[in-house]
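Read through the structure below, which is laid out as structure tokens, and then see the notes.
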Amino acid sequence: MKMTSLVTLEANASDIARMLSVFANKERIRILCRLAKSQEELSIAELSEGIAISQSALSQHLTKLRKGGVITARRAGHNSFYRLADPRAAQLAIALIKL
């Protein structure tokens, strides 16, 4: 690893730690991977397809991701739509998909 990469890593250590703590759950990783793959907003119904958890559990995970600054939400009437807010989260999700 280049010295400049290590310096950048060290300078961004708190942001990286925050993001990794948000990723520290298999369901949140699955949610983030779905958002990264779609590259657009998804509703709760769209996110729940293929993720076998209750809607209340999904909502709790989405809240944690939103509070962690990884995703954003947009309300339209009674519906909420989610997308990735931090491009680094998308890069990390894509790297995880490749593993």
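The values are calculated or read from the model by the stated rules, or taken from the named source; none is laboratory data. Because the structure is a prediction, the values reported are computed rather than measured. No Cβ is skipped: glycine too gets one built from the backbone with ideal geometry, and neighbour counts run over all protein chains shown.
Hey, can you tell me all the residues within segment 48-63 that are modelled with pLDDT of 90 or more and closer than 21 Å to ALA95 by Cα? Residues satisfying the conditions are HIS61, LEU62. Filter segment 79-95 down to residues that are modelled with pLDDT under 95, of a type in the set (A, V, I, L, M, F, W, C) and surrounded by 14 or more Cβ atoms within 10 Å (Cβ to Cβ), then give me how many there are. So the count comes out to 6.
Residue by residue, here is whether (1) surrounded by fewer than 12 Cβ atoms within 10 Å (Cβ to Cβ); (2) touching a strand residue (DSSP E or B) at 6+ places or on another chain (Cβ under 7 Å); (3) in contact (Cβ under 8 Å) with a residue 60 or more places away in the chain holds:
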| position | (1), (2), (3) |
| --- | --- |
| GLU27 | no, no, no |
| SER43 | no, yes, no |
| SER56 | yes, no, no |
| LYS67 | yes, no, no |
| GLY77 | yes, no, no |
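As a summary of the residue check, LEU35 satisfies the conditions (1) surrounded by 13 or more Cβ atoms within 10 Å (Cβ to Cβ); (2) without any contact (Cβ under 8 Å) to a residue 24 or more places away in the chain; (3) under 13 Å from the mean Cα position of the chain (by Cα) except for the one numbered (2).
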